[in-house]
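Undergrad: Quick one: this structure, given as structure tokens, is what I'll be asking you about.
The values are calculated or read from the model by the stated rules, or taken from the named source; none is laboratory data. A quick note: this is a predicted structure, and the numbers were derived from the prediction, not measured. As a convention, Cβ positions derive from the backbone with ideal geometry for all residues, glycine included, and neighbour counts pool all protein chains shown.
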Amino acid sequence: MNNSVTNTARLLGAGLRALLALTLVTGVAYPLVITGIAQGLFSDKANGSETKADGEVVGSSLIGQSYHLPLKKGEETPAPDLKWFQGRPQNGLGTNSVNTRYKLVVSGATNRSGDDEELIQWVKEAKAAVVKDNSVPGHTVEPSEVPADAVTSSGSGLDPHISPKYADIQVHRVAERNGLPVAEVRKLVDAHTEGRTLGFIGEPRVNVLALNIALRELLAKS
């Protein structure tokens with residue numbers, strides 16, 4: 001009996017010591033080491049790829065955000081603020097229950113098939129809106145000029161980038177709304193167009209947040 005109690009106590013003691021040691025190693029030491037390495041070598045990425053303007057964090061280069069007017073009474077969805085470059089559709093073109101307007105609880109797509117009638121209607125309406133919003137006196141956007149990323153949300157719904165083509169068709173509208181020369185606005189787009197990663201991965205792209213920060217700085221100088 002005494003031996004049984006002694007053995008049990010010894011086993012419990014060993015188990016508690018193992019639990020304590022593993023907690024310290026895997027729960028304290030390891031996270032501290034990895035955090036230190038991340039902060040030392042990849043501090044920007046480790047801290048969320050923060051984007052700053054005027055010394056303040058205004059977003060992340062990895063997450064898209066909205067550029068819209070304040071919600072008016074009776075509106076369910078705020079209208080876009082057309083003085084800024086706009087990103088990809090933010091609500092899955094209608095009823096994306098997974099991620100709407102860059103909410104970050106979860107991310108995902110609408111998972112509609114290409115021949116889904118409701119999706120086709122959403123795309124048609126989105127294309128008409130792009131043509132209407134970006135056509136200004138002296139410059140008309142043709143439906144054939146509207147790229148796919150202007151009328152579809154990304155797979156995650158959080159994509160911060162648009163194609164150079166979509167940025168380009170917004171140039172005249174942004175210039176007109178802000179009283180800027182078209183050439184200056186186009187220079188901003190060209191300066192913020194990133195090429196393919198390593199020269200062959202992905203597609204050329206424009207980070208909308210970085211582009212709008214540059215636009216705000218240009219307006220401040222003007």
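Undergrad: Any idea which of (1) under 18 Å from Lys127 (Cβ atoms); (2) exposed (fewer than 15 other Cβ atoms within 10 Å of the Cβ) is the one Ser153 doesn't satisfy?
TA: Exception for Ser153: condition (2).
Undergrad: Moving on. Quickly run through the range 14-68 and pick out the residues that are outside any helix (DSSP H, G or I) and either exposed (fewer than 10 other Cβ atoms within 10 Å of the Cβ) or of a type in the set (Asp, Glu) (or both).
TA: Glu50, Asp54, Gly55, Glu56
Undergrad: Right, next: With respect to Val141, is the statement that it is among the hydrophobic types (A, V, I, L, M, F, W, C) and farther than 14 Å from Pro89 by Cβ true?
TA: Judged against the criteria, Val141 is a match.
Undergrad: Please find, within the range 191-222, the residue that is modelled with the lowest pLDDT out of those that are surrounded by fewer than 12 Cβ atoms within 10 Å (Cβ to Cβ) and part of a helix (DSSP H, G or I).
TA: So, considering only residues that are surrounded by fewer than 12 Cβ atoms within 10 Å (Cβ to Cβ) and part of a helix (DSSP H, G or I), the one modelled with the lowest pLDDT is Lys221.
Undergrad: Something else now. Working only within the range 137-188, note down all residues that are closer than 17 Å to Arg216 by Cβ, in contact (Cβ under 8 Å) with a residue 60 or more places away in the chain and part of a helix (DSSP H, G or I).
TA: Ala167, Gln170, Arg173, Val174, Arg177, Asn178
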